[in-house]
Amino acid sequence: MATAELTASDYIQHHLTNLTLGWLPDKGLVFAHNAEEAAAMGFWALHVDSLLWSIGLGVLFLIGFRKVADSVTAGVPGKAQNFIEWIIDFVNENVRGSFSAKNDMVAPLALTIFAWVFLMNLMDLVPVDLIPWAFGQFMGLFGADPHHVFMRVVPTTDPNITFGMAIAVFFLVLYYSVKIKGVGGFVGELTLHPFGKFGLPANLILEGISLLSKPLSLSLRLFGNMYAGEMIFILIALMYGHNIVLSLGGGALQLAWAIFHILIITLQAFIFMVLTIVYLDMAHQTDH
């Protein structure tokens, strides 16, 4: 809930600022106290909240799946085993439908991407003030001003996270392109397709753009959709605390948007997974 000390603009800015650790010439290695300090820290600053939540959710995914795997039974499965088996079957069906080559790494990668991105997206359904407020009160016990304590809990609203994942997929695409086609085959695909040897400059431009668009499409699509969803939740939260009508309207809007947002967070995890499968399938194609 927006506090009386903050204007609407301050409230939005506070929720869109990461817990940033970086170097300031006059202060050394510190956490940023505002968005201006975070920007001044430059490229090498760390978004500590994004890192902690993404890594923590990744560990949660591994522990959860490992726990179910250790208790798998050939008899009547429990609810957890049924749910995990349904997810695995769903991922396998998409891999079989979109990946025509042979690579035992693709299905586990697709499962990891889908589950991890879904968990990170799912944090958007946590009330926008709950964890930031609790973290601010906790840091206040150590003398910190809660107004200068930041905590963003949805890692996929941070382009550093989405670009990091997309670049990792991009490196896999490059690796398998060279491994399957050879250096000559990969270079030939970039320079000779689609117009043949006489269209080399145009081929290189078209294929280069197509190649570089892969990590951009992966990262920006996920970031843009999740950032927009987060912003809407923040704007709805501004309706609380003014009067009973706005508060009730905000509650109804928040519930409606949360229900609709379940579709968005699932769809975005699915799209990231499917595009990864498709891009890896293209890297394995040798018919060019």
Practice prompt. Give the peptides 275-286, 257-268 in descending order of average Cβ contacts within 10 Å, highest first.
Written response: 275-286, 257-268
Item to complete: Would you mind computing, in nm to one decimal, how far apart the modelled labels at residue 55 and residue 26 are, each placed 7 Å from Cα along Cα→Cβ?
Response: 3.1 nm
Item to complete: Pop out the Kirkwood hydrodynamic radius of region 153-237 from its pairwise C-alpha distances, inverse of mean 1/r, in Å to one decimal.
Response: 14.8 Å
Item to complete: Determine the gain in length on full extension of the stretch residue 247-residue 62; use 0.36 nm per residue of separation and subtract their C-alpha separation, reporting nm with one decimal.
Response: 62.7 nm
Worksheet item: residue 69 label point, 7 Å along Cα→Cβ, cut-off 20 Å on backbone N: hits in region 76-106?
Response: 77-96, 103-106
Response to the item:
With 0.36 nm assigned to each residue of separation and the Cα-Cα distance removed, residue 85 to residue 8 gains 23.2 nm
Worksheet entry | Relative exposure of 53, 133, judged by other C-beta atoms within 10 Å (fewest first) | 133, 53
Worksheet item: Which Rg and Dmax, in Å, describe the Cα atoms of the chain?
Response: 22.7, 71
Worksheet item: Relative to the longest principal axis of the chain, what angle (0 to 90°, nearest 10) does the C-alpha long axis of helix 106-122 take?
Response: 20 degrees
Practice prompt. Post the alpha-carbon centroid distance, region 208-226 to region 179-204, in whole angstrom.
Written response: 22 Å
Worksheet, complete the sentence: Between the Cα axis of helix 159-192 and the main Cα principal axis of the chain, the angle (0 to 90°, nearest 10) is 10 degrees
Worksheet item: Using θ = phi - 60° and the Karplus curve 6.51 cos²θ - 1.76 cosθ + 1.60, what whole-Hz ³J(HN,Hα) does each residue of region 28-38 get, with Gly and Pro shown as x?
Response: x, 7, 9, 7, 5, 8, 7, 5, 5, 5, 4
Worksheet item: What ranking of 93, 85 emerges when the number of other C-beta atoms within 10 Å of each C-beta is taken as an exposure proxy, fewest first?
Response: 93, 85
Worksheet, complete the sentence: Relative contact order of region 174-288 (C-alpha contacts under 8 Å, at least 6 apart) in percent is 32 percent
Worksheet entry | DSSP loop trypsin sites (Lys or Arg not before Pro) with at most 13 other Cβ within 10 Å excluded, longest remaining stretch of the chain | 103-288
Worksheet entry | Cβ-based exposure ranking for 104, 158, in which fewest neighbours within 10 Å come first | 104, 158
Discussion item. For region 8-284, what is the number of Lys pairs with C-alpha distance below 26 angstrom, counting only pairs 8 or more positions apart or on separate chains?
Written reply: 9
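Normalising by the residue count of the chain, find the relative contact order in percent from Cα pairs under 8 Å and 6+ residues apart.
25 percent
Read the figures in this text as sums done on the coordinates, not as results from a lab. Just so it is clear, the model here is predicted, and its values are computed rather than measured. Every residue, glycine as well, gets a Cβ built from its backbone with ideal geometry; the counts of neighbours run over all protein chains shown.
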